[in-house]
1. Among the residues in region 92-104, are any open to solvent by 60 Å² or more (accessible area, probe 1.4 Å) and free of Cβ contacts under 8 Å to residues at least 60 places away in the same chain?
2. Please return the ranges of helices (runs of 4 or more DSSP H) entirely within region 239-356 where 3 or more residues are of a type in the set (D, E, K, R) and surrounded by fewer than 20 Cβ atoms within 10 Å (Cβ to Cβ).
3. Look through region 51-63, keep the residues that are open to solvent by 50 Å² or more (accessible area, probe 1.4 Å) and in contact (Cβ under 8 Å) with a residue 24 or more places away in the chain, and return whichever of them is nearest to the chain's Cα centre (by Cα).
4. Can we say LEU210 is within 16 Å of ligand 1 (Cβ to nearest atom) and either more than 30 Å from ALA130 (Cα to Cα) or touching a residue at least 40 places away in the same chain (Cβ under 8 Å) (or both)?
5. Kindly provide the set of residues from region 268-324 that are away from ligand 2 (no atom under 16 Å from the Cβ) and within 21 Å of LEU346 (Cβ to Cβ), ordered by number.
6. Among the numbered criteria (1) touching a Cys at 6+ places or on another chain (Cβ under 8 Å); (2) within 16 Å of ligand 2 (Cβ to nearest atom), which one does ALA170 miss?
7. Kindly provide the set of residues from region 148-164 that are surrounded by fewer than 23 Cβ atoms within 10 Å (Cβ to Cβ) and either among the aliphatic types (A, V, I, L, M) or within 14 Å of ligand 2 (Cβ to nearest atom) (or both), ordered by number.
8. Do we find that LEU142 is touching a His at 6+ places or on another chain (Cβ under 7 Å) and at pLDDT 95 or above in this structure?
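The values are calculated or read from the model by the stated rules, or taken from the named source; none is laboratory data. These numbers come from a predicted model, not from an experiment. Note that we place each Cβ from the backbone using ideal geometry, even for glycine, and neighbour counts take in every protein chain shown. All accessible areas refer to the heavy atoms of the entire protein, side chains included, with ligands and DNA or RNA removed. Shrake-Rupley method; radii C 1.70, N 1.55, O 1.52, S 1.80 Å.
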Amino acid sequence: MPCILAFETSCDETAVAVVGADPNANGFAPQVLSSVVASQVELHAAYGGVVPEVASRQHVETLPFVLQAALEQTGLSVAAVDAIAVTCAPGLVGSLLVGLMGAKTLALLHDKPLIGVHHLEGHLFSGFLAAPDLQPPCLCLLVSGGHTSLIWMKDYGQYQTVGRTRDDAAGEAFDKVARLLGLGYPGGPQIDRWAQQGDPQRFPLPEGKLDHPYDTSFSGLKTAVLRLTQQLQAEGKELPVADIAASFQACLTRVLTEKAVACAEELGLSTLLLTGGVAANRELRARLRAAAAAKGLQVVIPPVAWCTDNAAMIGAAGLSHWLRGEISPLELGVASRMPLEGIPALYISAAEAQEP
Ligand code: KG4
Ligand code: ZN
């Protein structure tokens with residue numbers, strides 16, 4: 001079976017996976033043979049957010065051990081894999097470079113093709129890990145600490161971003177509001193937990209209306225929470241943390257759900273995929289499932305381990321390129337930003353790679 005070794009170091013997770021393709025499956029059916037993730041979240045918690053320099057140093061220290069563990073779990077050596085995939089954009093440049101240099105070194109040492117992967121394309125492929133029958137076209141709501149995008153997957157390798165954030169990403173909004181409420185970092189899981197006991201209707205908050213139907217803006221919502229906390233503190237009241245968390249979460253998840261479902265309907269897409277770290281949010285999962293069911297849409301929400309950053313999704317995306325004969329030149333670099341439209345430029349055909 002074709003087999004890919006994959007690296008992901010674009011932010012604060014050091015991850016390596018081995019992903020194969022099911023030779024008996026009808027369509028594209030990636031199989032995770034191993035997936036190891038070393039999270040740096042505790043290291044960055046002391047600073048209240050990811051510190052890029054600290055992240056890259058930690059990747060350097062951790063990557064060899066994560067690689068060894070991922071290979072050991074499969075019983076395979078690097079010599080046995082067909083290609084090496086690695087996240088090359090977007091992300092923290094120093095962190096991306098650690099993964100890319102590791103991948104290039106192994107590719108050169110073992111004479112294996114290198115496959116650069118766009119991080120967001122990786123997130124899209126978490127859907128294929130969760131639902132082997134998933135087929136494009138579909139609409140993906142990708143919500144993480146760095147991204148809030150609605151991506152129309154027309155076919156493998158063909159994507160169009162149809163909605164994006166104008167300011168804060170959804171996870172960033174969760175983290176900033178959690179900080180205002182004194183809940184620590186990362187804030188999303190804390191808000192999720194506190195909101196369970198809160199009244200989501202106690203504080204009406206602004207939805208951040210825009211002229212574009214599928215773009216989002218959460219900075220107004222965040223500022224409204226700031227003003228609310230300042231006002232309550234000025235009045236000498238104790239912060240009703242659970243009610244504020246519930247009101248904020250209800251507002252943000254309502255906006256995301258309404259936009260995603262309306263967009264899928266307008267594009268005539270019958271499948272919605274939810275992924276990224278914020279896809280762990282219980283209210284968002286429940287709302288999206290209910291709203292999509294009401295419109296007869298199929299919803300795919302991968303298990304949380306595939307929604308947050310991992311190398312299995314990068315391996316799956318890399319595998320799809322490899323199966324189409326697309327590999328990257330060894331001169332491949334990293335980029336802190338790259339639109340999905342930049343993906344084709346990452347690849348050359350295997351025949352081109354052979355040319356002197
Ligand atoms: O995808 P991810 O692990 O990392 C990247 O940003 O690429 O996403 C992390 C984000 C953080 O902002 C975190 O607060 C948020 O996902 N998050 C959540 C939950 N779990 C993680 N947000 C809301 N509810 C959650 N349960
Ligand atoms: Zn991510």
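1. yes
2. 241-267, 282-294
3. PRO52
4. Criteria not met by LEU210.
5. Once the filter is applied, which keeps residues that are away from ligand 2 (no atom under 16 Å from the Cβ) and within 21 Å of LEU346 (Cβ to Cβ), region 268-324 yields LEU319, SER320, HIS321, TRP322, LEU323, ARG324.
6. Going through the list (1) touching a Cys at 6+ places or on another chain (Cβ under 8 Å); (2) within 16 Å of ligand 2 (Cβ to nearest atom), ALA170 breaks only (1).
7. If the condition is that a residue be surrounded by fewer than 23 Cβ atoms within 10 Å (Cβ to Cβ) and either among the aliphatic types (A, V, I, L, M) or within 14 Å of ligand 2 (Cβ to nearest atom) (or both), then VAL162 is the only one that fits.
8. yes
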